[in-house]
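Visitor: Sharing a structure below in structure tokens format, with a few things to ask.
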Amino acid sequence: MKSDSWSKSISVAIEGILYAVKSERNLKIHILISIAVLIIALFLNITPLEYIILAITITLVISFELFNTAIEKITDAIFKERCEEAKRIKDIAAGAVLMAAFGAVYIGYFTVFKRLKDNTHLLLKDTPDFSEHVAIVSIAIVVFLVVLIKSYFNKGEPLHGGMPSGHAAVSFSVLVSVIFISKNFVLNVLVLLLSLLISISRVQMKVHTVGEVIFGGALGAFTTFILYKIFS
């Protein structure tokens, strides 16, 4: 049934993603590879256009995997017994994912791995300053980690409860990025206050427990901090 509110629609969509991540091993692998590629790409200082292409490619591969999972569930619901038609439907859907994966490998080679091969002498101390890029990539990686952890604990709804708090994770990830980028004490204090208010509101609304909020905040802050220490 169609959701009657925008927030509920998002919650239902995220719930579908969490279910797919929990039940499909290939989707877990795709997400882990995506995190690795995003981190490797930071070392290589690829252009914004290349990063956009890379992000679109990752999104398409994961989306195709989600569509494949949905088609498999529909097929199983329609065909109660094993039959050739059901097998063909699943094979074609899997073929679509395979084609997307081949395209992702092709794009990844020219945007990441070819440059990695051509710059094997690259050292951490020679890595250029790209604090803004780290901030954006950190949020993406934190969201991926939250999805993986939520799928493991399987508690609460995507936007309502569960371990960890995604709101706290993202807000404290932003806080750490602001600290590294701005180096402005007043701005840092203001963003810290905002992050605390977001986290406290999740507890006061009884959406999350104190432990879930603390874990989420620590996850976002620690992940972003590590990325900045590596790449800054």
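Visitor: Per DSSP H run of at least 4 residues, take -39500 (n - 2.57); add these up for the chain, divide by its residues and hand me the 222 nm value, nearest 500 deg cm²/dmol.
Guide: The per-residue figure over the chain is -27000 deg cm²/dmol.
Visitor: Can you give me the three principal axis dimensions of the chain from its C-alpha atoms, in Å, biggest first?
Guide: In descending order, the Cα extents are 65, 53, 26 Å.
Visitor: When N is the residue count of the stretch 129-232, what does its C-alpha Rg come to as a fraction of 2.2 N^0.38 Å?
Guide: Normalised Cα radius of gyration, the stretch 129-232: 1.05.
Visitor: In 5 Å bins starting at zero, report the fraction of Cα pairs in the stretch 1-123 per bin as a rounded %.
Guide: Calculated P(r), rounded to whole percents: 2, 10, 16, 16, 16, 14, 11, 7, 4, 2, 1, 0.
Visitor: Taking neighbour counts of Cβ atoms within 10 Å as a proxy for exposure, in what order, fewest first, do V213, V61, V37 appear?
Guide: Ordered from fewest to most neighbouring Cβ atoms within 10 Å, V213, V61, V37 come out as V37, V61, V213.
Visitor: Here's a follow-up. Between Y109 and Q204, what length in nm is gained on full extension when 0.36 nm per residue of separation is reduced by their alpha carbon distance?
Guide: Working: separation 95, 0.36 × 95 = 34.20 nm, distance 4.78 nm.
In short, 29.4 nm is gained.
Visitor: Among 178-191, 75-88, how do they line up from the highest to the lowest mean number of other beta-carbon atoms within 10 Å? Walk me through the numbers on the way to the answer.
Guide: On the way: 178-191: 13.9, 75-88: 10.6.
Answer by packing, highest mean first, reads 178-191, 75-88.
Visitor: Which order results if Y19, Y152 are arranged by neighbouring Cβ count within 10 Å, fewest first?
Guide: Y152, Y19
Each value in this text was obtained by applying a stated rule to the coordinates, not by laboratory testing. This is a predicted model, so every value here is computed, not measured. Positions of Cβ are backbone-derived with ideal geometry, glycine not excepted, and every protein chain shown enters the neighbour counts.
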